[in-house]
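Here the structure comes first, spelled out in C-alpha cells, and everything after it is commentary.
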Amino acid sequence: LIFLGIESSCDDTAAAIVCGDGRILASVVAGQTELHSDFGGVVPEIAARAHAERLDVVVEQALSQAGVTLDDLTGVAVTAGPGLIGGVMAGVMMAKGIAAGRSLPLVGVNHLAGHALTPRLTDGVDFPYLMLLVSGGHCQFLRVNGPQDFTRLGGTIDDAPGEAFDKLAKLLALPQPGGPSVEAEAMRGDPDRFDLPRPLLDRPGCDMSFSGLKTAALRLRDQLIAQQGGLHQQDRADLCAAFQTAVAEVLAEKSRRALAASPVPLLAVAGGVAANGQIRAALQQVAAGAGARFLAPPLRLCTDNGAMIAWAGIERFRLGHRDGMDLAARPRWPLDGRAAPMLGSGK
Ligand code: ATP
Ligand code: FE
C-alpha cells in the first residue's frame, strides 16, 4: 500500500509518499513565509496562487525522492478542508487530476484528522487517546476514538495560542514567527514580574481563550512605554516569560480536566506550539499525574505536512472510504459532527 498525500490548506504546499506500514518514503514541504511577510498574516489570494504554481513541483519532488512513480501508487489522499478555500481547491484539483489520469482511488481528508492521527503514523498508538492540537490556526482537545471518530472536548473560543504568540511578538517588535522568538526571550525573563490573566480557568470545561492575554500584554507594554519612554530588553523578556507561563498553565490545567473527563492512556500533542519547551514540560507533567503517556511527534510531522494527510487517507481507505470526482473543497469542516463549528479559527 503506497499513498501520495497532498496538503495545501494554509501556507505550506506539501506532498508526501507514505506506505501502509507507516514508512515515510518522502515528505516535501514548501513554505510561503517570505511571500506573506510584508502583510502581517497569510494573504489567501497569494497563498492560493503559490499553491497552484508549486503543487506539481512538490509532488514531483516527493515521487522522485521516494524513488517511485505514479504507477506505484495505491491511491491519492488530499486535504479537502478546513482551510483557506483557494489553497484547498488547488490541492483537490491536483489530486483529482492524478487520480483520474491514473485511475487511482481518491480519498479526501480532514486536515485536523491528519494532525489527530499523526501519533498512529509515528508511533503506531492504539485508540483511544487524547490529542491537543495547538497551532497558529487551531486549538482544541480531541478524543480520538477511531480513524473517523473524534469527540471534541473543548477548544479556544477566540485566538489560537500560536496566533497569540505571533501577535505578542509583533507588539514587542520581535521577529516572526512569534513562537520561537518569544520562547527565546522568555528564557532570560522573570515570569513573576507581570501578572497576566489565566482566561477561562475559573470556568468548568475545556474551552480556552487567548485573546485577553494578548490584550493584557498590550496594556502592560503601553504602561511601560508611558512610564519609561520605551521598552528595555528586560521588560521584553519578562513580558514574554509571563505570557508563555500563562499559556502553559492554561493548556496544562485544561489538559488535566480533559484527561479527568475522558481518561485515556495517552496524551498527544501536535501543531507548531508543541515545539515550546515550557508548554511541553507542563503537558508532560499533567500526563504523568493522570497516569498517561505523553507523546509529541517530531516537529516536522507536528506542523503542516503531506505525510499526515497520506496516512489519514490510508486509514480512511482501509475503512473502505473512497471519494469521487465530486469531492468538494470545504472552508469549514468540524471533525466532530456533534460539535458546533469552531469560532475564530484565526488567519
Ligand atoms: P495550522 O493551519 O495547522 O494552524 P499554522 O501554520 O498556523 O497551521 P503550525 O505550522 O502548526 O501552524 O505552527 C505555527 C505556529 O506555531 C506559529 O503561530 C508559531 O508562532 C507557533 N510556534 C512555533 N514554534 C513555537 C514555540 N517554540 N513556542 C510557541 N509557539 C511556537
Ligand atoms: Fe495544520
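Which ³J(HN,Hα) values in Hz, rounded to whole numbers, follow from the phi angles of segment 208-213 under the Karplus curve 6.51 cos²θ - 1.76 cosθ + 1.60, where θ = phi - 60° and Gly and Pro get x?
Using θ = phi - 60°, the values come out as 9, 8, 10, 6, x, 4 Hz.
Relative contact order for the chain: what percent, with Cα pairs under 8 Å and sequence separation of 6 or more? Walk me through the numbers before you get to the answer.
Working: 766 pairs, mean separation 85.4, N = 347.
The normalised contact order for the chain reaches 25 percent.
For the pair residue 38/residue 71, report the inter-label distance in nm, with labels modelled 7 Å from Cα in the Cβ direction.
That separation, rounded to one decimal, is 4.6 nm.
On alpha-carbon atoms, Rg over Rh for segment 166-303 using Kirkwood Rh?
On the way: Rg = 15.8 Å, Rh = 15.8 Å.
That ratio equals 1.00.
Any idea what angle helix 85-102 forms with the longest principal axis of the chain, computed on alpha-carbon atoms, 0 to 90 degrees, nearest 10?
For 85-102 against the chain, the angle is about 20 degrees.
Can you tally the net charge around residue 308? Count Lys and Arg as +1, Asp and Glu as -1, for every other residue whose Cβ sits under 15 Å from the Cβ of residue 308.
On the way: positive: 23, 120, 300, 316; negative: 7, 12, 123, 304, 315.
Surrounding charge for residue 308 is -1.
Compute the label zone of residue 299 within segment 33-61: residues whose backbone N is under 13 Å from the point 7 Å along Cα-to-Cβ.
Of the residues in segment 33-61, none has backbone N under 13 Å from the label point off residue 299.
For 304, 207, what ranking results if the residue with the fewest other Cβ atoms within 10 Å of its Cβ goes first?
Numbers: 304 28, 207 18.
Sorted ascending by nearby Cβ count, the order is 207, 304.
What net charge is computed for the residues neighbouring residue 183, neighbours being all others with C-beta under 13 Å from the C-beta of residue 183, Lys and Arg scored +1, Asp and Glu -1?
Values: positive: 188, 236, 280; negative: 166, 185.
Once all neighbours under 13 Å are counted, the net charge is +1.
Please list, in order along segment 246-252, the HN-Hα scalar couplings obtained from phi with the Karplus expression 6.51 cos²θ - 1.76 cosθ + 1.60 (θ = phi - 60°), rounded to whole Hz, x for Gly and Pro.
5, 4, 4, 5, 5, 4, 5
Nearest 10 degrees is fine. How inclined is helix 111-123 to the longest principal axis of the chain, computing both from alpha carbons?
Helix 111-123 sits at roughly 80 degrees to that axis.
Dividing the alpha-carbon radius of gyration of segment 133-194 by 2.2 N^0.38 Å (N being the number of residues), what value is obtained?
Numbers: Rg = 15.1 Å, N = 62, 2.2 N^0.38 = 10.6 Å.
Rg over 2.2 N^0.38 Å, computed on Cα atoms: 1.43.
Once you have the alpha carbon radius of gyration of segment 55-200, what is it after dividing by 2.2 N^0.38 Å, with N set to its residue count? Don't jump to the answer; show the numbers that get you there.
On the way: Rg = 19.7 Å, N = 146, 2.2 N^0.38 = 14.6 Å.
Normalised by 2.2 N^0.38 Å, the Cα Rg of segment 55-200 equals 1.35.
How big is the dipole moment of the chain about its Cα centre under a simple scheme where the beta carbon of each Lys and Arg is +1, that of each Asp and Glu is -1, and everything else is neutral? Debye, nearest 20, please. Present the calculation step by step, with values, prior to reporting the outcome.
Details: 31 positive and 36 negative charges, 136 e Å.
The dipole of the chain has a size of about 660 debye.
With θ set to phi - 60°, apply the Karplus curve 6.51 cos²θ - 1.76 cosθ + 1.60 along segment 306-323 and write out the HN-Hα couplings as whole Hz, x wherever there is a Gly or Pro.
x, 5, 5, 6, 4, 5, 4, x, 4, 4, 5, 4, 5, 7, x, 7, 9, 10
When only alpha-carbon atoms count, how far does the chain stretch along each of its three principal axes, as whole angstroms with the largest first?
Answer, in whole Å and largest first: 68, 45, 34 Å.
Using just the helices of the chain, give the 222 nm mean residue ellipticity in deg cm²/dmol: DSSP H runs with n ≥ 4 each add -39,500 (n - 2.57), and the total is spread over all residues, rounded to 500. Display every interim value, and only then the final one.
Numbers: 11 runs with 155 residues, N = 347.
Rounded to the nearest 500, it is -14500 deg cm²/dmol.
Under the 0.36 nm per residue contour assumption, what length would be gained going from the current alpha-carbon distance of residue 103 and residue 227 to full extension?
Details: separation 124, 0.36 × 124 = 44.64 nm, distance 6.84 nm.
37.8 nm is the gain from fully extending residue 103 to residue 227.
Across the chain, how many lysine pairs, 8 or more positions apart or on different chains, have C-alpha atoms separated by under 26 Å? Please give the number. Could you put the intermediate results ahead of the total?
Working: 167/214; 167/254; 167/347; 170/214; 170/347; 214/254; 214/347; 254/347.
The result is 8.
For helix 178-187, what angle does its Cα long axis make with the longest principal axis of the chain, in degrees from 0 to 90 and rounded to 10?
Long axis of 178-187 versus the principal axis of the chain: about 40 degrees.
For the peptides 280-291, 216-227, 74-85, what is the packing order when you average, over each peptide's residues, the other Cβ atoms within 10 Å and list the highest mean first?
Values: 280-291: 16.8, 216-227: 14.3, 74-85: 25.3.
By packing density, highest mean first, the sequence is 74-85, 280-291, 216-227.
Using only the alpha-carbon atoms, what does segment 180-226 span along each of its principal axes? Please give whole angstrom values in decreasing order.
Principal-axis extents of the Cα atoms in segment 180-226, largest first: 35, 25, 18 Å.
Starting from the Cα gyration tensor of segment 105-150, take the square roots of the eigenvalues, sort them a ≥ b ≥ c, and report rounded, prolate or oblate (rounded when a/c is under 1.5, otherwise prolate if a/b is larger than b/c, else oblate).
Values: a/c = 1.61, a/b = 1.09, b/c = 1.48.
Oblate is the answer for segment 105-150, as a/c is 1.5 or above yet b/c matches or exceeds a/b.
We did not get these values from a lab; they are worked out from the coordinates using the rules stated. From a predicted model like this one, the values you see are computed outputs, not experimental measurements. As a convention, Cβ positions derive from the backbone with ideal geometry for all residues, glycine included, and neighbour counts pool all protein chains shown.
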